[in-house]
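Participant: Input: one structure, supplied below.
The values are calculated or read from the model by the stated rules, or taken from the named source; none is laboratory data. Note that the structure is predicted; figures quoted are calculated from it, not measured. Using ideal geometry, Cβ is built from the backbone for each residue, glycine included, and neighbour counts are taken over all protein chains shown. Each accessible area value is taken on the protein alone, full model and side chains, heavy atoms only, with ligands, DNA and RNA left out. Shrake-Rupley method; radii C 1.70, N 1.55, O 1.52, S 1.80 Å.
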Amino acid sequence: MAADTYDPLDPNGNITVTFDILKYTIDGYVARVTIQNYYQYRHVENPGWKLGWTWSKSEIIWSMSGAFATQQGNCSSFKYQVLPHSCKPDPVIVDLMPDSVPENTSYGCCKGGVLAAWAVDRSLSYSSFEVTVGNLEQNSTGYKPLNLTLMAPGPGYTCGQVMDTSPTVSSVIGGRREEQVFSNYKFNVIHLYLYLDTKSLNFT
């Protein structure tokens, strides 16, 4: 690990961002995005995290639950349809607040972007949301998001390269059944202890 990314409070900690593709649609897919804070004693405080990326193709966000894109962007090419939630090629996503109406929420969301440290309260150390992605060719299995950026209070964070990992497996029906997503991508995010010039760094 480079010297400027060393955190003496927790040298082995990180924040992991996971994109799980839950199902495919006619022109895209539905994904669950989870932000997990594995730092033992470092919280993400108010005003919370902002997560950004760049689409690989011409993707748009049809809808979201548990979070929202800060800008809708130019959706003029969809003027004769229901407008997408966001047409930005580089959306920035923020968490919903705890008092959000139930129809806009999803499991694990709505903590105002605040993440507890892993060793302090694991139940509050993650946040997740669901996003419906479209405007891809039919039968597409999706493309990796690029240039992931995590913005949060403090000196800053730097994001590693995207990793293809084994699909996430979840227990349902009281642990009597396991369900597996189609595929997932993961990014590791490291806190910058000495970096002082900006709140975030990008990767390509």
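Participant: Stretched out fully, how many nm does the piece from residue 16 to residue 78 gain, at 0.36 nm a residue minus the Cα gap?
Facilitator: Gain in length upon complete extension: 18.9 nm.
Participant: For region 21-66, compute Rg over Rh where Rg is the Cα radius of gyration and Rh is the Kirkwood radius from the inverse mean 1/r over Cα pairs.
Facilitator: 1.06
Participant: In whole Å, what is the distance between the alpha-carbon centres of region 27-81 and region 97-132?
Facilitator: Cα centroid to Cα centroid, the span is 14 Å.
Participant: How many lysine pairs in region 1-122, separated by 8 or more positions in sequence or lying on different chains, have Cα atoms less than 21 Å apart?
Facilitator: 6
Participant: With label points built 7 Å along Cα→Cβ from the Cα atoms of residue 57 and residue 101, find their separation and express it in nm.
Facilitator: About 3.3 nm, to one decimal.
Participant: Continuing with the same structure: Could you give me the ³J(HN,Hα) list for region 98-105, computed from phi with Karplus coefficients 6.51, -1.76, 1.60 and θ = phi - 60°, whole Hz, x at Gly and Pro?
Facilitator: Per residue, the Karplus-derived 3J(HN,Hα) values read x, 8, 5, 5, x, 5, 9, 9 Hz.
Participant: Starting from the residue with the highest accessible area, list 68, 129 in decreasing order, probe 1.4 Å.
Facilitator: From most exposed to least exposed: 68, 129.
Participant: How much accessible area per residue does region 1-92 have, counting only protein heavy atoms and a probe of 1.4 Å, in square angstrom?
Facilitator: With all protein chains present, region 1-92 gives 51 Å² per residue.
Participant: While we're on this one: Extension gain residue 40-residue 138, at 0.36 nm per residue separation less the Cα-Cα distance, in nm?
Facilitator: 31.0 nm
Participant: Can you send over the carbon and sulfur percentage of the accessible area for region 1-95, probe radius 1.4 Å, protein chains only?
Facilitator: Ligands and nucleic acids excluded, carbon and sulfur reach 53 percent.
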